[in-house]
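Report on the following structure.
The values are calculated or read from the model by the stated rules, or taken from the named source; none is laboratory data. Source: prediction; values computed, not measured. Glycine gets a Cβ as well: all are built from the backbone with ideal geometry, and neighbour counts include every protein chain shown.
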Amino acid sequence: MRLQGSKILVTGCAGFIGSHMVDALLAKGCEVVGVDNLSAGKREFMERALATGRFQFHQTDLLSGRLKEHLGGVDVVFHFAANPDVRQGPNNTRVHMEQNIEATYLVLEAMRAASVRSICFPSTSTVYGEPGQIPTEEGYGPLIPISIYGASKLACEALICSYAHTFDMDAAIYRFANVVGSRSTHNVVHDFIRKLREEPNRLEILGAAPGTNKSYVHVSDCTKAMMIGAERAQEQVAIYNIGSLDRLNVQGIADIVVKEMGLPDVRYDWTGGVKGGRGWVGDVKEMLLDIKKLQAIGWNPMMGSEAAMRQAVREILAAGKAH
(Lines give C-alpha, C1' and ligand atoms only; values in the text may rest on other atoms or scores of the structure.)
Protein backbone atom coordinates (compact mmCIF):
# COMPACT_ATOMS: atom_id res chain seq x y z
CA MET A 1 0.00 0.00 0.00
CA ARG A 2 1.19 3.51 -0.75
CA LEU A 3 1.67 5.94 2.14
CA GLN A 4 3.66 8.87 0.78
CA GLY A 5 1.35 11.61 -0.41
CA SER A 6 -1.73 9.68 0.70
CA LYS A 7 -4.56 10.75 2.99
CA ILE A 8 -4.37 8.66 6.16
CA LEU A 9 -6.86 8.32 9.01
CA VAL A 10 -5.41 7.41 12.40
CA THR A 11 -7.69 6.21 15.18
CA GLY A 12 -6.28 6.65 18.67
CA CYS A 13 -4.24 9.57 17.32
CA ALA A 14 -3.77 11.19 20.74
CA GLY A 15 -2.39 8.05 22.35
CA PHE A 16 1.17 6.88 22.91
CA ILE A 17 2.04 5.05 19.69
CA GLY A 18 -0.76 6.61 17.63
CA SER A 19 0.52 10.16 18.16
CA HIS A 20 4.05 9.13 17.18
CA MET A 21 2.62 7.48 14.06
CA VAL A 22 0.81 10.71 13.16
CA ASP A 23 4.10 12.63 13.39
CA ALA A 24 5.91 10.01 11.27
CA LEU A 25 3.22 10.07 8.57
CA LEU A 26 3.23 13.86 8.43
CA ALA A 27 7.02 13.80 8.08
CA LYS A 28 6.50 11.49 5.09
CA GLY A 29 4.29 14.04 3.35
CA CYS A 30 0.91 12.51 4.17
CA GLU A 31 -2.29 14.38 4.96
CA VAL A 32 -3.57 12.96 8.24
CA VAL A 33 -7.01 12.86 9.83
CA GLY A 34 -6.99 11.93 13.50
CA VAL A 35 -9.82 10.45 15.56
CA ASP A 36 -9.69 9.98 19.33
CA ASN A 37 -12.23 10.16 22.16
CA LEU A 38 -9.52 11.45 24.54
CA SER A 39 -10.44 8.91 27.22
CA ALA A 40 -6.75 8.02 27.47
CA GLY A 41 -5.05 10.15 24.82
CA LYS A 42 -3.81 13.67 25.44
CA ARG A 43 -4.23 16.81 23.34
CA GLU A 44 -0.64 17.81 24.11
CA PHE A 45 0.61 14.77 22.17
CA MET A 46 -0.90 16.28 19.00
CA GLU A 47 0.62 19.77 19.31
CA ARG A 48 3.37 19.12 16.77
CA ALA A 49 0.91 17.59 14.31
CA LEU A 50 -1.61 20.43 14.60
CA ALA A 51 1.13 22.99 13.92
CA THR A 52 1.79 21.48 10.46
CA GLY A 53 -1.54 22.49 8.95
CA ARG A 54 -1.85 19.00 7.41
CA PHE A 55 -3.54 17.35 10.39
CA GLN A 56 -7.25 17.46 11.21
CA PHE A 57 -8.44 16.24 14.61
CA HIS A 58 -11.93 14.98 15.41
CA GLN A 59 -12.93 14.06 18.96
CA THR A 60 -15.06 11.02 18.20
CA ASP A 61 -15.79 7.76 20.00
CA LEU A 62 -15.55 4.80 17.63
CA LEU A 63 -18.38 3.06 19.48
CA SER A 64 -20.72 5.86 18.37
CA GLY A 65 -20.59 4.42 14.84
CA ARG A 66 -19.79 7.85 13.32
CA LEU A 67 -16.39 7.11 11.82
CA LYS A 68 -17.66 7.04 8.22
CA GLU A 69 -18.19 10.82 8.17
CA HIS A 70 -14.41 11.29 8.60
CA LEU A 71 -13.36 8.85 5.87
CA GLY A 72 -13.93 11.03 2.82
CA GLY A 73 -10.93 10.76 0.47
CA VAL A 74 -9.01 8.55 2.90
CA ASP A 75 -6.66 5.99 1.35
CA VAL A 76 -5.41 4.08 4.42
CA VAL A 77 -6.59 3.63 8.02
CA PHE A 78 -4.13 3.12 10.88
CA HIS A 79 -6.32 1.72 13.65
CA PHE A 80 -4.60 2.30 17.00
CA ALA A 81 -7.65 2.98 19.18
CA ALA A 82 -7.90 0.23 21.81
CA ASN A 83 -7.65 -0.48 25.49
CA PRO A 84 -4.07 -1.74 25.89
CA ASP A 85 -4.04 -2.54 29.61
CA VAL A 86 -3.59 -6.32 29.91
CA ARG A 87 -4.12 -6.18 33.68
CA GLN A 88 -7.71 -4.88 33.36
CA GLY A 89 -8.95 -8.15 31.88
CA PRO A 90 -9.67 -10.11 35.10
CA ASN A 91 -11.39 -7.11 36.71
CA ASN A 92 -13.43 -5.91 33.73
CA THR A 93 -14.07 -8.61 31.16
CA ARG A 94 -16.10 -6.32 28.87
CA VAL A 95 -13.56 -3.54 28.32
CA HIS A 96 -11.49 -5.40 25.73
CA MET A 97 -14.59 -6.82 24.04
CA GLU A 98 -16.01 -3.32 23.47
CA GLN A 99 -12.96 -1.14 22.98
CA ASN A 100 -10.95 -3.66 20.96
CA ILE A 101 -13.25 -6.12 19.17
CA GLU A 102 -16.43 -4.06 18.72
CA ALA A 103 -14.47 -0.91 17.88
CA THR A 104 -12.47 -2.78 15.24
CA TYR A 105 -15.65 -4.21 13.72
CA LEU A 106 -17.12 -0.70 13.50
CA VAL A 107 -13.93 0.61 11.85
CA LEU A 108 -14.07 -2.16 9.25
CA GLU A 109 -17.77 -1.54 8.60
CA ALA A 110 -17.14 2.18 8.15
CA MET A 111 -14.27 1.42 5.76
CA ARG A 112 -16.45 -0.96 3.75
CA ALA A 113 -19.24 1.61 3.49
CA ALA A 114 -16.80 4.36 2.46
CA SER A 115 -14.84 2.11 0.03
CA VAL A 116 -11.54 2.53 1.94
CA ARG A 117 -9.47 -0.53 1.04
CA SER A 118 -6.32 -0.48 3.21
CA ILE A 119 -5.84 -0.91 6.97
CA CYS A 120 -2.80 -1.10 9.23
CA PHE A 121 -3.44 -2.68 12.61
CA PRO A 122 -1.22 -2.88 15.70
CA SER A 123 -1.72 -6.26 17.33
CA THR A 124 0.42 -7.77 20.06
CA SER A 125 2.88 -10.52 20.92
CA THR A 126 0.33 -11.74 23.49
CA VAL A 127 -1.66 -13.43 20.70
CA TYR A 128 1.01 -16.16 20.82
CA GLY A 129 0.32 -16.92 24.47
CA GLU A 130 3.25 -18.89 25.84
CA PRO A 131 4.78 -20.35 22.68
CA GLY A 132 6.96 -23.42 22.58
CA GLN A 133 9.24 -21.66 20.10
CA ILE A 134 11.50 -18.76 21.11
CA PRO A 135 12.14 -16.58 19.09
CA THR A 136 8.56 -16.87 17.84
CA GLU A 137 7.91 -16.40 14.13
CA GLU A 138 4.69 -15.12 12.54
CA GLY A 139 3.68 -18.59 11.32
CA TYR A 140 3.78 -20.16 14.79
CA GLY A 141 0.61 -21.87 15.92
CA PRO A 142 -1.78 -22.68 17.33
CA LEU A 143 -2.24 -19.24 18.85
CA ILE A 144 -3.44 -19.67 22.44
CA PRO A 145 -3.50 -16.32 24.27
CA ILE A 146 -3.55 -16.43 28.07
CA SER A 147 -5.08 -12.97 28.61
CA ILE A 148 -8.41 -11.46 27.58
CA TYR A 149 -6.46 -8.62 25.98
CA GLY A 150 -4.49 -11.08 23.84
CA ALA A 151 -7.69 -12.89 22.90
CA SER A 152 -9.35 -9.61 21.88
CA LYS A 153 -6.44 -8.66 19.63
CA LEU A 154 -6.46 -12.11 18.03
CA ALA A 155 -10.19 -11.69 17.36
CA CYS A 156 -9.45 -8.32 15.74
CA GLU A 157 -6.83 -9.94 13.53
CA ALA A 158 -9.39 -12.54 12.42
CA LEU A 159 -11.99 -9.86 11.63
CA ILE A 160 -9.47 -7.90 9.57
CA CYS A 161 -8.41 -11.02 7.64
CA SER A 162 -12.03 -11.90 6.89
CA TYR A 163 -12.93 -8.39 5.72
CA ALA A 164 -9.81 -8.20 3.56
CA HIS A 165 -10.70 -11.42 1.74
CA THR A 166 -14.45 -10.80 1.62
CA PHE A 167 -14.38 -7.17 0.50
CA ASP A 168 -11.09 -7.05 -1.42
CA MET A 169 -9.16 -4.99 1.12
CA ASP A 170 -5.47 -5.20 1.98
CA ALA A 171 -4.07 -5.20 5.49
CA ALA A 172 -0.83 -5.03 7.44
CA ILE A 173 -1.02 -6.53 10.93
CA TYR A 174 1.81 -5.89 13.39
CA ARG A 175 2.48 -8.02 16.45
CA PHE A 176 4.32 -5.74 18.85
CA ALA A 177 6.80 -6.62 21.52
CA ASN A 178 6.64 -4.18 24.46
CA VAL A 179 6.84 -0.67 22.97
CA VAL A 180 8.46 2.02 25.15
CA GLY A 181 9.28 5.70 24.81
CA SER A 182 8.03 9.23 25.29
CA ARG A 183 4.27 9.84 25.61
CA SER A 184 3.67 6.45 27.18
CA THR A 185 1.33 6.83 30.14
CA HIS A 186 1.35 3.45 31.86
CA ASN A 187 3.81 0.58 32.00
CA VAL A 188 6.38 -0.90 34.36
CA VAL A 189 8.64 2.18 34.05
CA HIS A 190 5.89 4.56 35.17
CA ASP A 191 5.06 2.18 38.02
CA PHE A 192 8.68 2.06 39.20
CA ILE A 193 9.26 5.82 38.93
CA ARG A 194 6.07 6.58 40.87
CA LYS A 195 6.97 4.14 43.63
CA LEU A 196 10.55 5.39 43.91
CA ARG A 197 9.43 9.01 44.14
CA GLU A 198 7.21 8.02 47.04
CA GLU A 199 9.79 5.77 48.72
CA PRO A 200 13.34 6.32 47.34
CA ASN A 201 15.01 3.53 49.32
CA ARG A 202 12.63 0.69 48.52
CA LEU A 203 11.00 -0.64 45.35
CA GLU A 204 8.11 -3.10 45.41
CA ILE A 205 8.19 -5.29 42.30
CA LEU A 206 5.33 -7.53 41.22
CA GLY A 207 6.33 -11.15 40.66
CA ALA A 208 9.33 -13.26 41.65
CA ALA A 209 12.98 -12.36 40.98
CA PRO A 210 14.31 -11.77 38.36
CA GLY A 211 10.87 -11.33 36.81
CA THR A 212 9.55 -11.93 33.32
CA ASN A 213 12.01 -11.83 30.43
CA LYS A 214 10.77 -9.95 27.35
CA SER A 215 11.72 -7.96 24.28
CA TYR A 216 11.38 -4.16 24.27
CA VAL A 217 11.34 -1.87 21.24
CA HIS A 218 11.53 1.93 21.18
CA VAL A 219 8.53 3.71 19.66
CA SER A 220 10.76 5.40 17.04
CA ASP A 221 11.83 1.98 15.75
CA CYS A 222 8.23 0.77 15.91
CA THR A 223 6.78 3.50 13.68
CA LYS A 224 9.53 3.01 11.09
CA ALA A 225 8.82 -0.73 11.04
CA MET A 226 5.10 -0.13 10.51
CA MET A 227 5.67 2.15 7.52
CA ILE A 228 8.18 -0.19 5.87
CA GLY A 229 5.89 -3.17 6.42
CA ALA A 230 2.90 -1.37 4.90
CA GLU A 231 4.75 -0.04 1.86
CA ARG A 232 6.61 -3.24 1.01
CA ALA A 233 3.94 -5.84 1.78
CA GLN A 234 3.50 -8.49 -0.92
CA GLU A 235 0.52 -10.28 0.61
CA GLN A 236 -3.12 -9.23 0.81
CA VAL A 237 -2.86 -9.65 4.58
CA ALA A 238 0.74 -9.19 5.71
CA ILE A 239 1.58 -10.10 9.32
CA TYR A 240 4.79 -8.80 10.89
CA ASN A 241 6.48 -9.15 14.26
CA ILE A 242 8.01 -5.91 15.57
CA GLY A 243 10.55 -6.23 18.37
CA SER A 244 14.24 -6.23 19.19
CA LEU A 245 16.83 -8.97 18.90
CA ASP A 246 17.27 -9.46 22.64
CA ARG A 247 15.41 -9.45 25.95
CA LEU A 248 15.45 -7.71 29.30
CA ASN A 249 14.05 -9.01 32.58
CA VAL A 250 12.17 -6.97 35.17
CA GLN A 251 15.16 -6.76 37.52
CA GLY A 252 17.16 -5.28 34.63
CA ILE A 253 14.45 -2.66 34.12
CA ALA A 254 14.52 -1.81 37.82
CA ASP A 255 18.31 -1.42 37.69
CA ILE A 256 18.02 1.01 34.77
CA VAL A 257 15.33 3.11 36.48
CA VAL A 258 17.24 3.27 39.75
CA LYS A 259 20.46 4.30 37.99
CA GLU A 260 18.77 6.93 35.82
CA MET A 261 17.07 8.40 38.90
CA GLY A 262 20.42 8.53 40.67
CA LEU A 263 19.21 6.59 43.70
CA PRO A 264 21.73 4.70 45.88
CA ASP A 265 21.02 1.57 47.91
CA VAL A 266 17.48 0.79 46.77
CA ARG A 267 16.08 -2.44 48.23
CA TYR A 268 13.99 -4.58 45.88
CA ASP A 269 10.99 -6.20 47.54
CA TRP A 270 9.41 -8.84 45.27
CA THR A 271 5.77 -9.70 45.93
CA GLY A 272 6.16 -13.33 44.82
CA GLY A 273 3.59 -12.83 42.08
CA VAL A 274 0.93 -15.23 40.82
CA LYS A 275 0.93 -18.45 38.82
CA GLY A 276 4.62 -19.25 39.09
CA GLY A 277 6.02 -15.78 39.71
CA ARG A 278 4.15 -13.71 37.10
CA GLY A 279 3.40 -10.09 37.89
CA TRP A 280 -0.34 -10.56 37.26
CA VAL A 281 -2.82 -13.02 35.79
CA GLY A 282 -2.28 -13.16 32.03
CA ASP A 283 1.34 -11.97 32.22
CA VAL A 284 3.54 -13.89 29.75
CA LYS A 285 6.83 -15.03 31.34
CA GLU A 286 9.05 -15.32 28.26
CA MET A 287 8.75 -13.36 25.00
CA LEU A 288 11.11 -12.83 22.08
CA LEU A 289 9.79 -12.33 18.57
CA ASP A 290 11.46 -13.49 15.37
CA ILE A 291 11.77 -10.33 13.24
CA LYS A 292 13.43 -11.84 10.16
CA LYS A 293 10.39 -11.11 7.97
CA LEU A 294 10.72 -7.34 8.47
CA GLN A 295 14.50 -7.53 8.30
CA ALA A 296 14.20 -9.17 4.88
CA ILE A 297 12.39 -6.11 3.50
CA GLY A 298 14.74 -3.53 4.97
CA TRP A 299 13.97 -2.84 8.63
CA ASN A 300 16.25 -3.33 11.62
CA PRO A 301 15.76 -1.88 15.09
CA MET A 302 18.27 0.83 15.94
CA MET A 303 18.10 -0.08 19.64
CA GLY A 304 18.13 -3.33 21.56
CA SER A 305 15.94 -3.93 24.61
CA GLU A 306 18.31 -2.36 27.16
CA ALA A 307 19.08 0.70 25.02
CA ALA A 308 15.37 1.19 24.21
CA MET A 309 14.47 0.96 27.88
CA ARG A 310 17.21 3.34 28.97
CA GLN A 311 16.15 5.88 26.33
CA ALA A 312 12.51 5.54 27.38
CA VAL A 313 13.33 6.06 31.07
CA ARG A 314 15.28 9.21 30.22
CA GLU A 315 12.42 10.53 28.08
CA ILE A 316 9.82 9.86 30.76
CA LEU A 317 11.92 11.44 33.50
CA ALA A 318 12.67 14.48 31.33
CA ALA A 319 8.99 14.98 30.57
CA GLY A 320 7.97 14.51 34.20
CA LYS A 321 5.09 12.32 32.99
CA ALA A 322 5.46 9.24 35.16
CA HIS A 323 2.13 8.43 36.80
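Sub-7 Å Cβ pairs linking a first residue in segment 291-311 that is more than 19 Å from K214 (Cβ to Cβ) to a second residue that is outside any helix (DSSP H, G or I) and of a type in the set (S, T, Y), at least 6 apart or interchain, are K293/Y240, ordered by first then second residue. Filtered by the rule that a residue be among the polar types (S, T, N, Q), over 18 Å from the mean Cα position of the chain (by Cα) and in a strand (DSSP E or B), segment 220-259 gives a lone residue, N249. Screening R43, R117, R48, R2 for residues that are closer than 22 Å to H190 by Cα and surrounded by fewer than 21 Cβ atoms within 10 Å (Cβ to Cβ) leaves exactly one candidate, R43.
Please verify whether segment 266-281 includes one or more residues that are touching a Pro at 6+ places or on another chain (Cβ under 7 Å) and within 25 Å of G139 (Cβ to Cβ). No. For H190, the requirement of being under 28 Å from L203 (Cα atoms) and either of a type in the set (A, V, I, L, M) or surrounded by fewer than 21 Cβ atoms within 10 Å (Cβ to Cβ) (or both) is met. With respect to the conditions (1) surrounded by 18 or more Cβ atoms within 10 Å (Cβ to Cβ); (2) among the hydrophobic types (A, V, I, L, M, F, W, C); (3) not assigned by TED's automatic domain parsing to the domain that holds C156, C222 lacks only one, and its number is (3).
The rows are residues; the columns are (1) under 18 Å from the mean Cα position of the chain (by Cα); (2) not small (G, A, S).
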| residue | (1), (2) |
| --- | --- |
| A40 | yes, no |
| V76 | no, yes |
| H96 | yes, yes |
| A110 | no, no |
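For segment 260-275, the candidate set comprises residues that are in a loop (DSSP other than H, G, I, E, B) and either of a type in the set (D, E, K, R) or under 22 Å from the mean Cα position of the chain (by Cα) (or both); within that set, the residue that is surrounded by the most Cβ atoms within 10 Å (Cβ to Cβ) is K275. Scanning segment 282-323 for residues that are buried (at least 16 other Cβ atoms within 10 Å of the Cβ), at pLDDT below 95 and farther than 25 Å from E137 by Cβ returns K321, A322.
Here's the yes/no breakdown for (1) part of a strand (DSSP E or B); (2) charged (D, E, K, R); (3) free of Cβ contacts under 8 Å to residues at least 12 places away in the same chain:
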{"residue": "V127", "(1), (2), (3)": "no, no, no"}
{"residue": "P131", "(1), (2), (3)": "no, no, yes"}
{"residue": "S152", "(1), (2), (3)": "no, no, no"}
{"residue": "D168", "(1), (2), (3)": "no, yes, no"}
{"residue": "R175", "(1), (2), (3)": "yes, yes, no"}
{"residue": "F192", "(1), (2), (3)": "no, no, no"}
{"residue": "R197", "(1), (2), (3)": "no, yes, no"}
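From the list Q99, Q133, the one residue that fits, being of a type outside the set (S, T, Y) and touching a Leu at 6+ places or on another chain (Cβ under 9 Å), is Q99. Annotation: E231 fulfils all but one of (1) assigned by TED's automatic domain parsing to the domain that holds V95; (2) crowded, with 20+ Cβ neighbours inside 10 Å; (3) within 30 Å of R43 (Cβ to Cβ); the unmet one is (2).
Going by what's in this entry, would R175 be described as among the charged types (D, E, K, R), closer than 30 Å to G72 by Cα and surrounded by 21 or more Cβ atoms within 10 Å (Cβ to Cβ)? It is true that R175 is among the charged types (D, E, K, R), closer than 30 Å to G72 by Cα and surrounded by 21 or more Cβ atoms within 10 Å (Cβ to Cβ).
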